[in-house]
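**Q** Please find one structure pasted underneath; my questions will follow.
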Amino acid sequence: ETKAPDGYNLPAAPDFEVIITATTANNQTWGGTPENALTAILGTINGKAMTVLTANSADNRGEKGGVQATIENNKGTALPSTGGMGTKLFIAGGGITATFAAIYLVSKKRAKDED
């Protein structure tokens, strides 16, 4: 999926590592075609185990079943990244300005009280 459906967001890390592990009887290889060599099939996506499905020829799962996983689409709007160093400078500048304004007002009030 390269474009999320309307109202959904793409995952933050859209790359997934999918590993399918086939277990064979007596460490047989697929070079020949021994009958029923496949004894089990397992899978993971990014290290999380996939659901093992039972055999079902109607769903094209073969004699030993298959694996399935769901990758969630997140609803909502992706907000743009804002702020950064510029925001920190504005906050610091505003704080300094407010401090000097407070000092000025206090000193002006004291000067007026002395008169």
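**Q** Restricting attention to the range 3-21, and to residues there that are open to solvent by less than 80 Å² (accessible area, probe 1.4 Å) and aliphatic (A, V, I, L, M), which single residue is modelled with the lowest pLDDT?
**A** Ala13
Let's see how each residue does on (1) modelled with pLDDT under 80; (2) among the small types (Gly, Ala, Ser); (3) open to solvent by 90 Å² or more (accessible area, probe 1.4 Å):
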| residue | (1), (2), (3) |
| --- | --- |
| Thr33 | yes, no, yes |
| Leu38 | yes, no, no |
| Ile41 | yes, no, no |
| Ala55 | yes, yes, no |
| Gly62 | yes, yes, no |
| Thr82 | yes, no, yes |
| Leu89 | no, no, yes |
| Ile96 | no, no, yes |
| Phe100 | no, no, yes |
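The values are calculated or read from the model by the stated rules, or taken from the named source; none is laboratory data. Small disclaimer: the values here were computed from a predicted structure and weren't measured. Each accessible area value is taken on the protein alone, full model and side chains, heavy atoms only, with ligands, DNA and RNA left out. Shrake-Rupley method; radii C 1.70, N 1.55, O 1.52, S 1.80 Å.
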